[in-house]
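Each remark here refers to the structure printed beneath this line.
The values are calculated or read from the model by the stated rules, or taken from the named source; none is laboratory data. Just so it is clear, the structure is predicted and the values come from calculations on it, not from any experiment. Virtual Cβ from ideal backbone geometry, glycine too; neighbours counted across all protein chains shown. Surface areas here come from the heavy atoms of the whole protein model, side chains and all, with no ligands, DNA or RNA. Shrake-Rupley method; radii C 1.70, N 1.55, O 1.52, S 1.80 Å.
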Amino acid sequence: KANTRSLLGFGCGDGGCIALLAGLGGRVAGTEMAASGSHTHSAPVNICRQELAGCGFGDAEFDIVTMWHSLEHLVEPLTYLKEAGRLLKKSGVILVEVPNFNSWQAMIFKNNWFHLDVPRHLYHYDKKSLALILEKARFKIIKFSYSSFVYGLFGWIQSGLNAVCHRKNLLFDLINGKVGLAQIKARSVRARDFILTFILVIPVSIISLPLFILEVFF
């Protein structure tokens, strides 16, 4: 009966993840206000480009609402959580993932922490503050998890590189195509930072893997 379930992906980016879920069956929809989140996937997924309250979704319409790394970007996160609660069925579940401000990464790297990402990240959460805002939105906490492999491991790698480079999050920008050879030739990115990132990415990754595993374990 899984294919009868309905899911809303809030802040779904380019729609890649929810397009994958749509292929498994069920009804899938998404919202994305960022200009960079253009829909590039051919799966029949409805992506609303408006504020959540203006998307026309009905009360108790979804079994699942996901907020993957979107809550920290919102000016009024509590308002959006309450709206998500309205859209969920009585037995529905909301899945929220945010960077952990109380993580080893955050405490060790401080201003060089990859997930600090100011001013794009307006709020930062630890377990206590995340639980508080979810409870204010009248959600019941079922489970906390700390094992986000992609964001967790990459957080260690990029934070380590940030500690030695002037340009923050350069590896992330290179991977996402935000920085290329044109910027380096135009000297908008220092050649030193590019060279350091290229040389250190493998050794920093090797060091980061056991640190990530220990962080999750503890």
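Of note:
- Residue check, residue 47 over 20 Å from residue 30 (Cβ atoms), in contact (Cβ under 8 Å) with a residue 12 or more places away in the chain, surrounded by 12 or more Cβ atoms within 10 Å (Cβ to Cβ) and among the aliphatic types (A, V, I, L, M): no
- Among the residues of region 108-117, just one is open to solvent by 100 Å² or more (accessible area, probe 1.4 Å) and either touching a residue at least 40 places away in the same chain (Cβ under 8 Å) or more than 13 Å from residue 163 (Cα to Cα) (or both), namely 108.
- Of all residues in region 173-193, those being modelled with pLDDT of 90 or more and open to solvent by less than 60 Å² (accessible area, probe 1.4 Å) number 3.
- Candidates are the residues of region 130-144 that are surrounded by 10 or more Cβ atoms within 10 Å (Cβ to Cβ) and in contact (Cβ under 8 Å) with a residue 24 or more places away in the chain; the one that is farthest from residue 85 (Cα to Cα) is 130.
- If you check 63, 117 for being touching a helix residue (DSSP H, G or I) at 6+ places or on another chain (Cβ under 9 Å), of a type in the set (Asp, Glu) and part of a loop (DSSP other than H, G, I, E, B), only one passes: 117.
- Residue match in region 151-166 (condition: aromatic (Phe, Trp, Tyr), within 30 Å of residue 84 (Cβ to Cβ) and at pLDDT below 95): yes
- Counted residues, region 75-100 - those being surrounded by 14 or more Cβ atoms within 10 Å (Cβ to Cβ) and either among the acidic types (Asp, Glu) or more than 22 Å from residue 142 (Cβ to Cβ) (or both): 3
- Residue in region 170-185 that is of a type outside the set (Asp, Glu), at positive phi and touching a helix residue (DSSP H, G or I) at 6+ places or on another chain (Cβ under 7 Å) present: no
- Filtered by the rule that a residue be at positive phi and free of Cβ contacts under 8 Å to residues at least 40 places away in the same chain, region 50-89 gives 56, 60.
- Checklist (1) open to solvent by less than 50 Å² (accessible area, probe 1.4 Å); (2) at pLDDT below 90; (3) under 24 Å from residue 176 (Cβ atoms) applied to residue 25, failing item: (3)
- Only one of 170, 196 that is in contact (Cβ under 8 Å) with a residue 12 or more places away in the chain, surrounded by 12 or more Cβ atoms within 10 Å (Cβ to Cβ), within 22 Å of residue 73 (Cα to Cα) and aliphatic (A, V, I, L, M): 170
- Residue list for region 81-107, filter: part of a strand (DSSP E or B) and within 21 Å of residue 214 (Cβ to Cβ): 97, 100
- Out of 159, 147, sole residue that is under 18 Å from the mean Cα position of the chain (by Cα), surrounded by 15 or more Cβ atoms within 10 Å (Cβ to Cβ) and either acidic (Asp, Glu) or under 25 Å from residue 100 (Cα atoms) (or both): 159
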